[in-house]
Every structure is written in structure tokens, then in C-alpha cells.
Amino acid sequence: MKFILVVERKHLFPGLSPQGFLPLGTIDLDAVEKWGFFAERDYMENCSHYKQIIPYMSLILDGQVLAYQRQTKHSEQRLGGLWTIGFGGHIEPIDRGEAGVDGLLQTAALRELEEETGFSVSDDALVARGCINSEKEDVSSVHAVLFYTVDLAHTGMDHDAIAAKVTAQAEPWKVEWVAISDVAGREDPPAPQGGQWEDWTRIAVLGL
């Protein structure tokens, strides 16, 4: 049984929920700190009255962003075979500390980044870009996303070495570096190798 951080929708978005790529501050972190609690994930995946807070991170190097295709037989069937520029996941009780909600978000983001990419980076490597909220798909309707970029220039590794390290993890099936100039600010840019982007990536590229 897995427990994750959730916040009742009305506390995050009074009135109508804004959609798409949103400025920093759209997700009220004070509300997350005041009203957030940990609940059973399986139940919350089907409860649209609550939002699960998700850190979502892109790896960048020399004007390029790392894209990867998820395994066709993915643990979440809806994501199987789709391309994405995002790594991340739920905030869990293990991420709690004494630094308030900002520390909670950073700790979760850094943990997820290391688990999914093999990279361990410092807090200041996380650059917050904005928020993502989408009601387009059922699964999106129960999540609220904080989008970050992580520049890996400080590692001294080249594109091939970074790609090899990431593909050594369980998640990615194929990886490809994409020029940020080819996708940034564009509505639904073409995905690599004739594939399809997942919903959050189609939104996240607006903030690159």
C-alpha cells in the first residue's frame, strides 16, 4: 500500500481550475502546507476532488532536452509507448523533513530524479519553470504538476554518456536528444521517430 501527498482541489484552485502551462505560484504552496496530507494512492487515483502533487523534471544539456520512450508494456498502460521529456513521481511520507513544503517538494524531486535517471544533484540544480494542470485525460485530472529543468553541464558528461546512464535505469526504452528550439513554446510539436508525446510533455514544452 503506497501513500502519497494530496490536497483537496478547492484549496489549490478556488473556482474554476486553470488549464495548461501556468506561472509559478499558480499552485498555492501555502495551501499545500496547510491542507495537504498523505492518502492511499489507489483510492486517490479515482478521486477527482483531490490533486496529487507531482514534481516533473527535464534533463537539459547544451540547448537540448532528453526525450525518452516508455516501455510498451508499462506499469501504467496509458503511458506505454509514449514519448516524454519528464522524470518524476509522487511525493511520499519518506520525503518529509523540517524545511516545510519547499523542502518536501525538493526532497521528493531529487529522490525521484535519482531513482529514475541515476543522477544525484544538488538542490540548486533544480530550476522551477512553472506548473501544469490538465483535465484533458482522466488521469491528469487528479494531478497537479510542478515542472523543473535540470542542467547537467556540471557533470562533465557528454550527451551519449548521459543517455547511456539514463537508459541503464528501468523506465526508458529508447532515448533521443531533442533541440529545445524545435519544441519550446510550440503547441504539440512532433515527437521523435514518428511517435506521440504524453499529455504533460505537450504542455511542459511551452515552458522550456
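The values are calculated or read from the model by the stated rules, or taken from the named source; none is laboratory data. In this text the structure is predicted, and so the values were computed from the model without any measurement. Quick reminder, even Gly has a Cβ in these numbers, built from the backbone with ideal geometry, and neighbours come from all protein chains shown.
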Margin query: I'd like the full set of residues that are of a type in the set (A, V, I, L, M, F, W, C), exposed (fewer than 15 other Cβ atoms within 10 Å of the Cβ) and touching a strand residue (DSSP E or B) at 6+ places or on another chain (Cβ under 9 Å), limited to the stretch 1-34.
Written below: 1, 24
Notebook entry, point to check: Can you find even one residue in the stretch 90-112 that is at pLDDT below 95, out of contact with any strand residue (DSSP E or B) (no Cβ under 7 Å at 6 or more places or on another chain), surrounded by 13 or more Cβ atoms within 10 Å (Cβ to Cβ) and of a type in the set (Gly, Ala, Ser)?
Noted result: yes
Check: Only one of these conditions is not met by residue 183: (1) surrounded by fewer than 19 Cβ atoms within 10 Å (Cβ to Cβ); (2) farther than 22 Å from residue 54 by Cα. Which number is it?
Finding: (1)
Notebook entry, point to check: Being within 30 Å of residue 193 (Cα to Cα), outside any helix (DSSP H, G or I) and not aliphatic (A, V, I, L, M), is that true of even one residue in the stretch 93-110?
Noted result: no
Margin query: Pairs needed: first member in the stretch 166-183, polar (S, T, N, Q); second member anywhere, at pLDDT 90 or above and assigned to a helix (DSSP H, G or I); C-beta distance under 7 Å; at least 6 residues apart or different chains.
Written below: 169/116; 169/117
Next item on the list: Run residue 127 past the list (1) crowded, with 19+ Cβ neighbours inside 10 Å; (2) within 15 Å of the chain's Cα centre (by Cα) and report the number of the one that doesn't hold.
Entry: (1)
Margin query: I'd like the full set of residues that are at positive phi and either in contact (Cβ under 8 Å) with a residue 40 or more places away in the chain or touching a helix residue (DSSP H, G or I) at 6+ places or on another chain (Cβ under 9 Å) (or both), limited to the stretch 128-165.
Written below: 130
